[in-house]
Structure formats: C-alpha cells, structure tokens
Amino acid sequence: MGKLTRIERDDLRKRKEILETALAIFASNGFHSTTMALISKASQYPLGTIYKYFPGKKEMYHDLVINRVHDLGQILFEISQNQEMTVCDKLKASLFAQADFYKANRDVVRIYISERNNIDAVNMPKLNEKVNKLHEKMVRLFKDMFEQGLAQTEFKSYPSQDMATLFSDIAHSAAWASLFRDEDEIEMKERLSVIFDMFTNGILK
C-alpha cells in the first residue's frame, strides 16, 4: 500500500475529528438525542462537510463501535500468538488487556452496552450481527488457547468451547466492572488476578 496523499491524510484527520466529537455528544446526550446539527456545531465543521464523510449518525455510531471491537480483537489475537507466553499467561494477559481496553474506551463501551437493546435490534440489526460475529471470533481465540492447554495437560478435560465461553463472559464482566470502580491500575490488576485465580483454581478448599 502506497503512501497517502496530503488530501487523503487530511480526509482521515477530518473524519477522525468528527467521529471523536460525535462520541463525546453520544456520551453526554445519548444516541437518540444526538443530532447531526449538534455534531456540526461541536466539531466546527459545516453540515455539508460532515455529510461528505457520514450519511448520518447511525453510520458514525456504527464506525465507533466496529472500530473498537476490531481493535480489541486485534489485541487479543496478538496475545494469543505470543510464543513466549504459557497458555495461562495468555489468558491472564487477555483478561488484563480487556479491562485496560474498556477503561481506555469507556465512552464507546458504555454507550454500546447501555444502548444496545434500544439501537441495534430495531435500528441497526446489521451492527448487532457484526458485533456478535466478532465476539464469536474472540471466543474461538480463547477456545484455541484452552485446546492448547488441554493438549499440554495443563487443564482438566472440560469442553474447550464451554471453557472459552465462560472465560469470555468473565472477562467482559470483570472489564465492565472496572468502569464503575474507584481503583487505580494496581488495584484493578490485583482484583483481576483474584478473579483469574478463582477461575483457574476454583473456590473450594
């Protein structure tokens, strides 16, 4: 892929600035109360410029969500491919990475989780389908890790799909909780380590 032209770089910059402005307004007003006029005023771009890049607020919301889900998937994929880590290290790193990602992208995560039932099912069902497919890919990454651990006899012989689904649910819940806790990074990692220990070692004495 060749170098971008100045015009292409300028287009990417404008598009990014508009998206970031839209995110701030979605976060403060909610999806339904956000208008293209509000985004235009806040971004200081004319409506015509905004419509050049986005047909409407649905497309902005779509890109904000999908881009973040892709980014998280790439982070988890890179962890899964790390040859210097044990399977347990990869799983624990994935748990930490998801919590870090949620905190770094708290506005998008909060909007999506809180608005999902109101927006996706009715107005944007294709977005819901895409997110579900990307989530399934992440679960498959975890399944591959558990199968590797099973092959190395690190884990009990539970079904890898069930372990992957459960771990994915735990990772999401633990990461989501991070958005509502008054904890620093050290405290968050200590809490996540306890959760990981409960998952891997159980709670029975």
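What follows draws every value from the coordinates through simple rules; no lab data is involved. Everything quoted here is computed from the prediction, not taken from an experiment. No Cβ is skipped: glycine too gets one built from the backbone with ideal geometry, and neighbour counts run over all protein chains shown.
Within region 49-87, what residues put their amide N at less than 20 Å from the label point 7 Å along the Cα-to-Cβ vector of LEU12?
It comes to 50, 52-54, 60, 63-75, nothing else.
So, in nm, how far is label ASP169 from label ASN201 when the simple model puts each one 7 Å beyond its Cα toward the Cβ?
2.4
Tell me which label goes with the value of Kirkwood radius over Cα pairs in Å computed from the coordinates here: [x] 16.9; [y] 19.0; [z] 18.6.
Structure-derived value, by its label: [y].
Could you name the lysines in cross-link range of LYS189, using Cα to Cα under 20 Å and dropping any fewer than eight places away on the same chain?
LYS90, LYS92, LYS103
Between 0 and 90 degrees, rounded to the nearest ten: what's the tilt of helix 57-80 against the longest Cα principal axis of the chain?
That works out to roughly 30 degrees.
For region 112-119, just list the computed ³J(HN,Hα) in residue order, Karplus coefficients 6.51, -1.76 and 1.60, θ = phi - 60°, integers in Hz, with x standing in for Gly and Pro.
After applying 6.51 cos²θ - 1.76 cosθ + 1.60, I find 5, 5, 6, 9, 4, 5, 7, 9 Hz.
Could you work out how far apart the two model spin labels at SER114 and ASP162 are, taking each label as a point 7 Å from the Cα in the direction of the beta carbon, and quote it in nm?
The answer from the label model is 3.7 nm.
Give the lysines reachable from LYS3 as a straight Cα distance under 23 Å; neighbours fewer than 8 places away on the same chain don't count.
Partners within reach: LYS14, LYS16, LYS52.
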